[in-house]
Amino acid sequence: MRIKANGVELCVETFGAPEDPPVLLIGVTMLSWPDELCQALAGRYVVRYDLRDTGQSTFADPDAPGYDLRDLVSDASELLRALDLGPAHVVGMGVGGFIAQLLALDHPDRVASLTLISTRPVAPGPVDPDLPDHSPQMMQRLFGRAKPDWTDRDSVVDYMTGSARILSGTRGFDEQDARATAAAIFDRAEPTDKAQRASHLGIMFAAIDSKPRWRERLGEIKAPTLVVHGDEDPFFPHGNGVALAAEIPDASLLTLPGVGQGVPRAAWPTVVEALLRHTSGT
């Protein structure tokens, strides 16, 4: 379904019963969160959505977005309002974690609890000196490859499967899952260069204005916070999760051994159990 929020239309999908505790999942597209993972959160009213300029939400120009990071935060807040949901358990992964952190800071009445997965406390660009950054070798492997034909499904699936392999840890890569996810994301977005790059790579995050900084405000977060991070994450290395857990009051850190970026199927039992426990309040 499409929901009007903050002047745009967001494509939204829900799982479970509306009377159950609401869980808002924030990634790049709704398919950042596989169907089976959403279904495993039984007893929760799970909401996932496409950010603007991805999937089937309002599309303009992700290479030159006419919005900033705070607009994406307002999208999430207004989506919860439009769905008539009270405080929700907010789960942000990767760059979606930026939105989740700012939602907890700027709209605390909307956030019952916060979970941050594979993310960091600073926006795209150079990191703070005390935070580990992407290694040059990994970035060369990831972005030094020949680019796919973003209008060709097979080319995109092969490329994104290769990306998943690079970003996975020693127990995080599942080729069947990677190919299925890439294919599903391709099929939901328009078969154009910009639409596909936005949905697969979240390219708007390299262009949007993310100021002002928020790391110095992390101590203001009141929502109970769980930080989940793979100890082999090559994109946002584990030290970023350690910093988030240290700087958010009373946050707990769940380290996933052998896991890279994201939540691979091998880690689902551990992460689902932790999420169900963390979101057990109303």
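A few points about this structure:
- Matching residues, the stretch 103-140, being touching a residue at least 60 places away in the same chain (Cβ under 8 Å), farther than 24 Å from ASP250 by Cβ and either in a helix (DSSP H, G or I) or polar (S, T, N, Q) (or both): SER135, MET138
- Where helices (runs of 4 or more DSSP H) sit wholly within the stretch 164-267, those with at least 1 residues that are under 16 Å from VAL28 (Cα atoms) occupy 175-188, 193-201.
- Selected residue (criterion: nearest to ASP35 (Cα to Cα)) from residues of the stretch 5-22 that are among the charged types (D, E, K, R) and open to solvent by 50 Å² or more (accessible area, probe 1.4 Å): GLU13
- Residues that are part of a helix (DSSP H, G or I) and either among the β-branched types (Val, Ile, Thr) or within 20 Å of VAL122 (Cβ to Cβ) (or both) within the stretch 268-282 comprise THR270, VAL271, VAL272, listed in sequence order.
- Scanning the stretch 27-35 finds one or more residues that are closer than 25 Å to ARG213 by Cα, of a type in the set (S, T, N, Q) and at pLDDT 95 or above.
- Selected residue (criterion: surrounded by the fewest Cβ atoms within 10 Å (Cβ to Cβ)) from residues of the stretch 106-136 that are in contact with an Asp or Glu (Cβ under 7 Å, 6 or more places away or on another chain) and under 30 Å from TYR45 (Cβ atoms): PRO121
- When we screen VAL259, VAL263, VAL228, VAL271 for residues that are farther than 17 Å from GLY97 by Cα and within 18 Å of the chain's Cα centre (by Cα), the only hit is VAL259.
- Selected residue (criterion: nearest to LYS211 (Cα to Cα)) from residues of the stretch 141-153 that are open to solvent by less than 20 Å² (accessible area, probe 1.4 Å) and part of a loop (DSSP other than H, G, I, E, B): TRP150
- Residues in the stretch 24-43 that are more than 16 Å from GLN196 (Cα to Cα) and touching a Cys at 6+ places or on another chain (Cβ under 9 Å): LEU25 alone.
- Options VAL90, VAL95, VAL157: the member that is touching a Gly at 6+ places or on another chain (Cβ under 8 Å) and aliphatic (A, V, I, L, M): VAL95
Each row is one residue, and each column tells you yes or no for (1) under 21 Å from the mean Cα position of the chain (by Cα); (2) open to solvent by less than 50 Å² (accessible area, probe 1.4 Å).
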{"site": "SER155", "(1), (2)": "no, yes"}
{"site": "ASP158", "(1), (2)": "no, no"}
{"site": "PHE186", "(1), (2)": "yes, yes"}
{"site": "PRO191", "(1), (2)": "no, no"}
{"site": "SER199", "(1), (2)": "yes, yes"}
{"site": "MET204", "(1), (2)": "yes, yes"}
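- Residue ID - farthest from PRO22 (Cα to Cα), chosen from residues in the stretch 243-267 that are open to solvent by 30 Å² or more (accessible area, probe 1.4 Å) and in contact (Cβ under 8 Å) with a residue 40 or more places away in the chain: PRO257
- Test: VAL73 is free of Cβ contacts under 8 Å to residues at least 40 places away in the same chain and among the β-branched types (Val, Ile, Thr): yes
- Candidates ARG52, ARG48, filtered to the one that is surrounded by 24 or more Cβ atoms within 10 Å (Cβ to Cβ) and either touching a Phe, Trp or Tyr at 6+ places or on another chain (Cβ under 6 Å) or free of Cβ contacts under 8 Å to residues at least 24 places away in the same chain (or both): ARG48
- Taken as a whole, the structure places LEU83 among residues that are hydrophobic (A, V, I, L, M, F, W, C) and open to solvent by 10 Å² or more (accessible area, probe 1.4 Å).
- The numbered conditions (1) within 22 Å of ALA182 (Cβ to Cβ); (2) open to solvent by less than 20 Å² (accessible area, probe 1.4 Å) are all true for SER77 except (1).
- Odd one out for THR170, checked against (1) hydroxyl-bearing (Ser, Thr, Tyr); (2) open to solvent by 60 Å² or more (accessible area, probe 1.4 Å); (3) under 22 Å from GLY97 (Cα atoms): (3)
The values are calculated or read from the model by the stated rules, or taken from the named source; none is laboratory data. Just so it is clear, the structure is predicted and the values come from calculations on it, not from any experiment. Counting neighbours? That spans all protein chains shown, and the Cβs are built from the backbone with ideal geometry, glycine included. Ligands, DNA and RNA are stripped out before the accessible areas are found, and what is left, the full protein with its side chains, is counted by its heavy atoms. Shrake-Rupley method; radii C 1.70, N 1.55, O 1.52, S 1.80 Å.
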